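Written out below as structure tokens is the structure these notes cover.
The values are calculated or read from the model by the stated rules, or taken from the named source; none is laboratory data. This is a predicted model, so every value here is computed, not measured. Note that we place each Cβ from the backbone using ideal geometry, even for glycine, and neighbour counts take in every protein chain shown. Side chains included, ligands, DNA and RNA excluded: accessible areas come from the protein's heavy atoms. Shrake-Rupley method; radii C 1.70, N 1.55, O 1.52, S 1.80 Å.
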Amino acid sequence: MLKIESISKTFNPNTINEKLALNKLSLKVDTGDFITILGSNGAGKSTLFNAISGNFFVDEGRVFIDNDNVTFVPDFKRAKYIGRLFQDPLKGTAPNMTIEENLALAFLRAGKTKSTFSKISKNDENIFYEKLKMLEMGLEERMHTKVGALSGGQRQALSLLMATIVPPKLLLLDEHTAALDPQAAEKVMFLTKRIVEENNTTCLMITHHLKQGLHTGNRTLFMSDGKIILDLNEEERSKYTTNELLEKFKEGANKELDNDRIILSE
Ligand SMILES: Nc1ncnc2c1ncn2[C@@H]1O[C@H](COP(=O)(O)OP(=O)(O)OP(=O)(O)O)[C@@H](O)[C@H]1O
Ligand SMILES: [Mg+2]
């Protein structure tokens, strides 16, 4: 579904700040894969998502989505089939608009409304109500509340709903629960797994939580210095202990896993 062939990206070339952020990275993702991505600080995880989304064009290599070569397709065109969530819960929603208006925007943007004049129909409103109800946060009764008044967890759950209200071909989650309190993080993670499963969405999720990475989805990648140094399927990742995995990472990366970033606890 997604095929990345040996992509590289250097920031600030020929300057003192030159940084090779992606180094001949290749990756093949099958439809329905739910892949977690772990790695130390500055490993290139977010940059990989930017390359997939088309925030910049790669210096070399090619990107295919569903066999279409999108290497030089700009981000706004790729946005139609890519949903993306960031760490910051404020990023995915418009604070001065109501819950309903935010959902309407996401719905219209995905271009799936049946209305002739890009308007939200009564039927669309019913869909919003049912989808919000699924979050079990009572937001369906607060449709006309401005999003700025919601908690971080509520906003992130709403962002998740907006990114998936029309199921995208590919969902990119960049540490989307990292800025939330533990309870809200757990709730958003639960919703993520449910939504991804229900729609069989192809999903890549960056996390700095080792256990979460190893127990979510069907495959785990470890990144270091712009490369994928470990790529484990479900069977492989379940047979190693945490210590063995850290040892493998060390071998592949030629350095310790940055413990500041990777949370090793339960
Ligand atoms: N727009 C940019 N301009 C210049 N340098 C950048 C840019 N984006 C990323 N970088 C650099 O590329 C490297 C990879 O950054 P990236 O954000 O992809 O890391 P990451 O793996 O997501 O790290 P973290 O776990 O801290 O989020 C870093 O050294 C970063 O400073
Ligand atoms: Mg990052």
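Per-structure values
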quantity	calculated
The listed residue being within 13 Å of ligand 1 (Cβ to nearest atom), out of contact with any Leu (no Cβ under 9 Å at 6 or more places or on another chain) and modelled with pLDDT of 95 or more, out of ASN41, ASN23	ASN23
Spans of helices (runs of 4 or more DSSP H) in region 134-228 with at least 3 residues more than 16 Å from ligand 2 (Cβ to nearest atom) and within 24 Å of ASN50 (Cα to Cα)	152-164, 182-199
Region 29-57 residues that are free of Cβ contacts under 8 Å to residues at least 60 places away in the same chain, paired with ones that are open to solvent by 10 Å² or more (accessible area, probe 1.4 Å) and of a type in the set (S, T, N, Q) (beta carbon under 8 Å, 6 or more apart)	PHE56/ASN50
Index of the failed condition, PHE11 passing every other in (1) more than 10 Å from ligand 1 (Cβ to nearest atom); (2) over 24 Å from GLU197 (Cβ atoms)	(1)
Residue within region 213-220 that is among the basic types (Lys, Arg) and touching a strand residue (DSSP E or B) at 6+ places or on another chain (Cβ under 7 Å) present	yes
Filtered residue count, region 57-80, keeping only those that are assigned to a loop (DSSP other than H, G, I, E, B), open to solvent by less than 60 Å² (accessible area, probe 1.4 Å) and touching a strand residue (DSSP E or B) at 6+ places or on another chain (Cβ under 7 Å)	3
LEU27 in contact with a helix residue (DSSP H, G or I) (Cβ under 7 Å, 6 or more places away or on another chain) and crowded, with 17+ Cβ neighbours inside 10 Å	no
Members of region 14-33 that are under 26 Å from LYS193 (Cβ atoms) and among the small types (Gly, Ala, Ser)	GLY32
